[in-house]
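Beneath this line is the structure, given in structure tokens, with notes to follow.
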């Protein structure tokens with residue numbers, strides 16, 4: 001088993017190295033995560049820094065990407081914004097992962113009418129325009145970061161539940177599960193000790209690669225509409241919205257955040273496709 005896993009890992013690594021775009025994307029995403037973690041230590045300016053006398057100025061030696069209308073360093077704001085964008089992407093994915101794993105495991109293990117009802121609910125939810133649901137939640141309960149995680153995660157779990165369900169249905173027919181049932185092990189223990197640990201592998205891979213870029217895009221869209229991250233916090237979507245307001249006079253406020261988001265999104269998609 002270890003030999004097979006080692007061989008698969010080696011092939012996956014060789015495939016990644018052979019694809020220059022995917023290799024560059026992997027390095028870029030890793031550096032971006034490190035940058036986001038250590039932003040308070042390496043940012044050129046303090047996040048609260050602003051120079052009202054300076055106002056909006058283009059790229060220069062002192063401010064590599066320029067400053068915004070309040071004299072705040074754009075590079076610093078983008079570095080802090082990357083933390084929020086990545087945080088929303090990964091934490092909302094964790095919320096979706098928990099819901100999807102529990103739903104799919106129960107449906108797959110219970111089978112019969114329970115499975116049919118639960119998966120029909122999933123089918124119905126697939127037909128709902130979730131962006132409208134998220135907007136309604138944000139309007140009704142207020143705009144805060146925790147609710148943003150919960151709202152986005154609560155609508156991104158559907159595919160995960162299907163993946164887990166198929167894995168659990170297959171595992172339920174394996175000898176170690178049938179033996180546990182014959183020995184009188186409770187359903188709760190079978191689910192927690194045997195099914196979830198063995199079924200969660202594929203869904204973690206999917207959750208890490210697929211929903212993260214989708215959620216980052218959704219967060220950017222919500223922030224652009226004014227329903228996502230609010231000042232004084234910053235995200236790439238919020239920076240893009242602010243830059244769009246003054247794009248005719250101060251082009252750098254829109255171009256640089258847009259390039260950062262587009263590059264990150266494209267490279268994440270490249271990793272998924274590879």
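The values are calculated or read from the model by the stated rules, or taken from the named source; none is laboratory data. Just so you know, these numbers come straight off a predicted model, no measurement behind them. Cβ coordinates were reconstructed from backbone atoms using ideal geometry, including for glycine residues, and neighbour counts include every protein chain displayed.
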Query raised in the report: Does the stretch 122-130 include one or more residues that are crowded, with 17+ Cβ neighbours inside 10 Å and modelled with pLDDT of 85 or more?
Result: yes
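Taking residue 205 as the residue in question, decide whether it is at pLDDT below 75, under 26 Å from residue 130 (Cβ atoms) and out of contact with any helix residue (DSSP H, G or I) (no Cβ under 9 Å at 6 or more places or on another chain).
Values: at pLDDT below 75: yes; under 26 Å from residue 130 (Cβ atoms): yes; out of contact with any helix residue (DSSP H, G or I) (no Cβ under 9 Å at 6 or more places or on another chain): yes.
For residue 205, the condition - at pLDDT below 75, under 26 Å from residue 130 (Cβ atoms) and out of contact with any helix residue (DSSP H, G or I) (no Cβ under 9 Å at 6 or more places or on another chain) - is met.
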Query raised in the report: Within the stretch 148-155, is there a residue that is outside any helix (DSSP H, G or I), closer than 19 Å to residue 217 by Cα, touching a helix residue (DSSP H, G or I) at 6+ places or on another chain (Cβ under 8 Å) and at pLDDT below 85?
Result: yes
Query raised in the report: Among (1) within 25 Å of the chain's Cα centre (by Cα); (2) at positive phi, which single condition is residue 184 missing?
Result: (1)
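Looking at this structure, is residue 185 in a loop (DSSP other than H, G, I, E, B), in contact with a helix residue (DSSP H, G or I) (Cβ under 9 Å, 6 or more places away or on another chain) and either more than 27 Å from residue 47 (Cβ to Cβ) or at pLDDT 85 or above (or both)? Steps first, please.
Numbers: in a loop (DSSP other than H, G, I, E, B): yes; in contact with a helix residue (DSSP H, G or I) (Cβ under 9 Å, 6 or more places away or on another chain): yes; either more than 27 Å from residue 47 (Cβ to Cβ) or at pLDDT 85 or above (or both): yes.
For residue 185, the condition - in a loop (DSSP other than H, G, I, E, B), in contact with a helix residue (DSSP H, G or I) (Cβ under 9 Å, 6 or more places away or on another chain) and either more than 27 Å from residue 47 (Cβ to Cβ) or at pLDDT 85 or above (or both) - is met.
Go through the stretch 29-48 and count every residue that is exposed (fewer than 15 other Cβ atoms within 10 Å of the Cβ) and touching a helix residue (DSSP H, G or I) at 6+ places or on another chain (Cβ under 9 Å). So that I can check it myself, show each step before the final result.
Narrowing the stretch 29-48 to residues exposed (fewer than 15 other Cβ atoms within 10 Å of the Cβ): 30-31, 33-34, 37-38, 40-42, 44, 46, 48.
Checking which are touching a helix residue (DSSP H, G or I) at 6+ places or on another chain (Cβ under 9 Å) leaves us with 33, 37, 40, 42, 44, 46.
So the count comes out to 6.
Tell me, please, whether a residue that is farther than 30 Å from residue 222 by Cβ and crowded, with 17+ Cβ neighbours inside 10 Å can be found in the stretch 174-189. Quick ask: steps written out before the conclusion?
Residues of the stretch 174-189 that are farther than 30 Å from residue 222 by Cβ, as a first pass: 174-189.
With the extra rule that they be crowded, with 17+ Cβ neighbours inside 10 Å, the set shrinks to 177, 180.
Yes.
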Report summary line: Counted residues in the stretch 53-111 being crowded, with 16+ Cβ neighbours inside 10 Å and at positive phi come to 2
Query raised in the report: Cβ-Cβ below 7 Å, separation at least six or inter-chain, first residue in the stretch 248-261 and under 17 Å from residue 36 (Cα atoms), second assigned to a helix (DSSP H, G or I) and modelled with pLDDT under 90: which pairs?
Result: 257/236; 257/239; 257/240; 257/243; 260/236; 261/220; 261/236; 261/240
